[in-house]
There are 2 protein chains.
Amino acid sequence: MGRTPTGQTREQVFQLMRERLLAGQPPTVREVQEAFGFRSVQTARAHLEALVSEGRLDKQSGRSRGYRLADSAVLVTGEDRIAPPRLVPLLGRVAAGAFGLAVEDLEGYLPVQSDRVGANEELFGLRVRGESMRDAGILPGDIVIVWRLPSVEDGAIVVALVGEEATIKRLRRRGERIELHPANPDYAVMTPDPDTLQVLGRVIEVRRYLD
Amino acid sequence: MGRTPTGQTREQVFQLMRERLLAGQPPTVREVQEAFGFRSVQTARAHLEALVSEGRLDKQSGRSRGYRLADSAVLVTGEDRIAPPRLVPLLGRVAAGAFGLAVEDLEGYLPVQSDRVGANEELFGLRVRGESMRDAGILPGDIVIVWRLPSVEDGAIVVALVGEEATIKRLRRRGERIELHPANPDYAVMTPDPDTLQVLGRVIEVRRYLD
DNA sequence: CGGTTTAACATACAAATGTATGCTATAAAT
DNA sequence: ATTTATAGCATACATTTGTATGTTAAACCG
């Protein structure tokens with residue numbers, strides 16, 4: 001087969017890889033071969049290995065479907081490397097479970113990107129119910145992205161279970177106790193009994209869909 | 001190895017699969033085996049096949065790493081399939097260009113998911129600058145996701161260029177003219193000259209990162 | 001209790017998949 | 001024009017990975 005201008009096919013291979021990898025479906029070498037109609041596996045493999053050398057892809061040698069987007073290719077905000085987007089569950093409500101969260105009312109999944117949250121750490125989305133954080137720009141129907149953390153620093157906006165009820169508030173430590181501050185003068189500061197309080201994690205993002 | 005209570009391991013296998021699949025890294029049967037310390041591949045495979053029978057996983061027979069989340073497990077907003085996430089450019093500011101937008105101050109890319117916006121239609125993210133939409137929960141530093149549209153319906157929140165300045169407001173049609181309404185009593189309604197007004201598109205999402 | 005289901009194990013095989021080597025022809029560079 | 005680097009082809013091989021068959025023992029249920 002005739003050869004194409006230098007670098008052109010390579011770019012298209014990378015585009016395909018990015019698309020497939022972001023969709024969570026890493027291709028095999030032979031799938032790449034077929035996608036481009038190469039008559040030889042090796043042609044596809046050469047392109048993939050070249051992309052690895054260029055630092056645009058990473059690979060896990062030997063493993064099937066082992067190519068991944070290199071960190072640098074996933075994205076850059078200014079100088080920073082950025083983690084690949086992941087999908088986190090969107091819950092309609094949360095309830096206390098024996099361990100972890102009871103995944104009830106799963107509404108769907110949200111693509112979330114964060115450099116600070118490790119791949120093994122837990123994230124979830126939660127739909128906002130009251131107006132208690134109105135003045136912080138968190139309105140009913142909004143979605144908060146929550147980073148599950150065993151302990152949360154003072155001043156952060158958190159999701160907490162008070163008894164059976166989930167609530168979003170700003171956390172303030174007062175000695176041994178924890179205060180939950182609303183951002184709305186119509187609501188009162190809560191100072192729940194430590195036994196009934198379970199801080200689930202910290203809000204790292206707020207979203208509103210305006211359909 | 002002793003057997004665990006019925007259904008318990010199955011659930012944990014599903015959790016693992018969900019996590020890995022959402023992270024874009026479909027495991028092999030043997031990876032599942034190792035993750036749980038099974039001494040036999042078949043044990044892992046039996047669980048996976050069972051999950052397929054239960055409708056919680058789908059699989060592509062024969063393909064390596066061929067297990068996927070079943071649609072019912074991945075997503076359900078009502079009955080709809082959901083579009084794959086895409087990456088849209090985040091702009092620090094927008095400026096009028098000869099045609100389209102001048103992509104200046106590219107800050108990075110954002111993963112966005114929308115069923116309503118076609119794959120060929122243009123989206124961009126824009127960082128919010130003033131307080132003019134405060135009461136709509138759109139605060140300085142927030143990011144709005146904008147759907148580039150030639151015409152925008154009455155009542156939608158839009159990004160518009162008035163002269164050289166980009167602004168976010170609610171659009172109201174008044175006969176021939178277009179009014180741009182702030183959501184903050186401290187700001188005035190704008191009724192720009194049609195020659196100096198260019199509506200760039202509609203805001204479909206608002207995001208705030210609380211890092 | 002006794003029968004049935006299910007978790008888990010062991011082993012083998014076939015298909016999918018990654019890898020290696022050698023070759024040809026054309027674009028790109030000097 | 002000559003050299004060099006790159007695109008692409010062909011084929012073979014080793015490993016990974018999916019699949020099948022048979023066995024054992026514990027959980028579950030009437």
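The values are calculated or read from the model by the stated rules, or taken from the named source; none is laboratory data. Computed from a predicted model, the values in this text were never measured in an experiment. Neighbour counts are summed over all protein chains in view; Cβ atoms, including those assigned to glycine, are modelled from backbone coordinates with ideal geometry. All accessible areas refer to the heavy atoms of the entire protein, side chains included, with ligands and DNA or RNA removed. Shrake-Rupley method; radii C 1.70, N 1.55, O 1.52, S 1.80 Å.
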Show the residue pairs that are 6+ apart or on different chains and have beta-carbon atoms under 9 Å apart, the first residue being within segment A:135-147 and open to solvent by less than 10 Å² (accessible area, probe 1.4 Å), the second being among the polar types (S, T, N, Q). A:138/A:132; A:145/A:114
So, in segment B:54-63, of the ones that are within 22 Å of residue A:25 (Cα to Cα) and open to solvent by 40 Å² or more (accessible area, probe 1.4 Å), which residue ends up farthest from DNA strand C (Cβ to nearest atom)? B:58
Restricting segment A:192-211 to residues that are open to solvent by 70 Å² or more (accessible area, probe 1.4 Å) and free of Cβ contacts under 8 Å to residues at least 60 places away in the same chain, the one nearest to residue B:155 (Cα to Cα) turns out to be A:211
Suppose we keep only residues that are at pLDDT below 95 and β-branched (Val, Ile, Thr) within segment B:190-203. Which one would you say is nearest to residue A:207 (Cα to Cα)? B:199
Complete set of residues in segment B:127-175 that are more than 22 Å from residue A:141 (Cβ to Cβ) and in contact with a strand residue (DSSP E or B) (Cβ under 7 Å, 6 or more places away or on another chain): B:127, B:148, B:149, B:160, B:161, B:162, B:164, B:166, B:167, B:172
Hey, which of the helices (runs of 4 or more DSSP H) in segment A:1-53, taking only ones fully inside, have at least 3 residues that are near DNA strand C (Cβ under 8 Å from one of its atoms)? A:29-36, A:41-53
Do we find that residue B:118 is free of Cβ contacts under 8 Å to residues at least 24 places away in the same chain and open to solvent by 20 Å² or more (accessible area, probe 1.4 Å) in this structure? yes
Could you look through segment A:25-50, keep only residues that are touching a residue at least 24 places away in the same chain (Cβ under 8 Å) and more than 10 Å from DNA strand D (Cβ to nearest atom), and pick out the one that is surrounded by the fewest Cβ atoms within 10 Å (Cβ to Cβ)? A:27
Of all residues in segment B:172-191, which are open to solvent by less than 20 Å² (accessible area, probe 1.4 Å) and over 30 Å from residue A:125 (Cα atoms)? B:180
Kindly list the number of the only condition in (1) in contact (Cβ under 8 Å) with a residue 60 or more places away in the chain; (2) over 25 Å from residue A:204 (Cα atoms); (3) part of a loop (DSSP other than H, G, I, E, B) that fails for residue B:185. (1)
Give segment B:148-169 a look and list any residue that's exposed (fewer than 15 other Cβ atoms within 10 Å of the Cβ) and away from chain A (no Cβ under 13 Å), or say none. B:150, B:151, B:154, B:163, B:164, B:165
Taking the residues in segment B:188-210 that are in a strand (DSSP E or B) and away from chain A (no Cβ under 14 Å) as candidates, determine which candidate is farthest from residue B:85 (Cα to Cα). B:190
Contact list please: Cβ distance under 9 Å, first residue in segment A:1-13 and within 12 Å of residue A:38 (Cα to Cα), second residue within 7 Å of DNA strand C (Cβ to nearest atom) and modelled with pLDDT under 80, pairs at least six apart or on different chains. A:9/A:3
